[in-house]
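Here's the structure, in structure tokens; my notes come after.
The values are calculated or read from the model by the stated rules, or taken from the named source; none is laboratory data. If you're wondering where the values come from, they're calculated on a predicted model, not measured in any experiment. Here the Cβ positions follow ideal geometry from the backbone for every residue, glycine too, while neighbour counts run over all protein chains shown.
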Amino acid sequence: MKKIQGFVEHQIFGVCTRLGEKLGIATSSIRLSFIYASFFTFGSPILLYIALAFVMNIRKHLRRFNAAWYY
């Protein structure tokens, strides 16, 4: 089960994991909140999720670029 969970986290940007680490909340609680909010608001949190994934991806690339720049 852990192998499948690790694969899914890697493929789905790790947004919930990152939020859980930053806020000190269990990742499963954040995932459930996104799922419930998506059902109640007809999918609008999906836009928030995609925006967070985009920002995280850009920040990762900027960190790599800055690290390579200093060496």
Q) So which residues in segment 17-48 are farther than 18 Å from Gln5 by Cα and under 12 Å from the mean Cα position of the chain (by Cα)? A) Lys22, Ile46, Leu48
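Picking from Asn57, Asn66, which residue would you name as being part of a helix (DSSP H, G or I), of a type in the set (S, T, N, Q), surrounded by 11 or more Cβ atoms within 10 Å (Cβ to Cβ) and modelled with pLDDT under 85? Full working, then the answer.
Details: Asn66 fails: surrounded by 11 or more Cβ atoms within 10 Å (Cβ to Cβ).
Only one candidate qualifies: Asn57.
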**Q.** Whichever residue in segment 1-31 is outside any helix (DSSP H, G or I) and modelled with pLDDT of 85 or more and, among such residues, is surrounded by the fewest Cβ atoms within 10 Å (Cβ to Cβ)
**A.** Gly24
